[in-house]
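Just below is one structure, and these are the notes that go with it.
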Amino acid sequence: NVSVITTYCLAGGMVLPYFYGILALDENAGLFKWIGILVLCLSLVPAVMVKSEGKEYSKKDNVWFFLLCMVIFLTNGFVSIFSKMHQISPAAIDENHFLFLSSLVNLSIVIIVQFVLAAIRAGKGEKNVLRNTFWEIGKTAMSAKLFLLLIILAGSHAICNAIGNLFSLRCMMTMDASIQFPVLSAVVIILTAVFGRVIFKEKVTKNTLLSLILSAAGIAIFGIGGII
């Protein structure tokens, strides 16, 4: 479920930068901020309380799932923190160069990880590892229409991601981290649930609806705190 995956990914980007702003940057920790972050954290609970559609998972699978969720939680949170640290640094480079350099680093890390995973799979006797790793779609017939669709989707993702990151970096220069990232993450959670329903026809369960209501309430409380 797209909304559940996004909830896990954005939880760290919501909580860790909030405490970083308060503890490291001496940002104001008013009552409404604490209530807002509490409500936003509560909104994460019903969003991930989904049934496994009749599938039974072993204890080992559940443990691995939990550990991977914690890795996502921490890494996504530190992405926001490091971005904020860069933007408020006197020696910071401009946003365009920062995004370009971070993209190069991302590409390098992904390539290294893929080669490591390919070596592990080859050691287990799997054939055509590199082809399946770097050209997964090569397992099936590639039509011109499918290739064009992949290019459009990948290009659209890159454009939207770059524009979003650019505006986010600009915002980091003036807005408190303890406000920006919780509100940003909550808005993304809401929009992802909406797009998941409209585009992927995902069912809006009671838990999902409760999560969206709590997210909207948390954003409203942050807004009230900013006005007062």
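Spin-label point model (7 Å from Cα, Cβ direction): what's the M70 to H97 distance in nm?
Going from the M70 label point to the H97 one covers 3.9 nm.
Can you give the accessible area of F200 in Å² (nearest 10), computed on protein heavy atoms with a 1.4 Å probe?
130
Largest first and to the nearest Å, give the Cα extent of the chain along each principal axis.
62, 49, 37
How high is the FRET efficiency from A24 to H86, r the C-beta distance, R0 22 Å, rounded to 0.05?
Numbers: r = 14 Å, r/R0 = 0.63.
FRET efficiency, A24 to H86: 0.95.
Provide, as a two-decimal number, the C-alpha radius of gyration of segment 142-228 over 2.2 N^0.38 Å, N being how many residues it has.
On the way: Rg = 17.0 Å, N = 87, 2.2 N^0.38 = 12.0 Å.
Relative to the rule-of-thumb radius for its length, segment 142-228 sits at 1.42.
Heavy atoms of the protein only, probe of 1.4 Å, neighbouring chains included. What is the accessible area of T205 in Å², nearest 10?
50
Obtain the nm distance between the two label points defined at K203 and L31 by a simple spin-label model: each point lies 7 Å from its Cα along the Cα-to-C-beta direction.
Placing both labels 7 Å along Cα→Cβ, they lie 4.2 nm apart.
Dividing the convex hull volume of the Cα atoms of segment 73-186 by its residue count, what figure in Å³ per residue is obtained? Spell out each step's value before the answer.
Values: hull volume 16.4 nm³, N = 114.
Looking at segment 73-186, the number lands at 144 Å³ per residue.
Would you calculate the separation in nanometres between label points at A216 and L149, each defined as 7 Å from the Cα along the Cα-to-beta-carbon direction?
3.3
The values are calculated or read from the model by the stated rules, or taken from the named source; none is laboratory data. All values reported here derive from a predicted model rather than from experimental measurement. A quick note on method: Cβ atoms are made from the backbone with ideal geometry, for glycine too, and the neighbour counts reach across all protein chains shown. Surface areas here come from the heavy atoms of the whole protein model, side chains and all, with no ligands, DNA or RNA. Shrake-Rupley method; radii C 1.70, N 1.55, O 1.52, S 1.80 Å.
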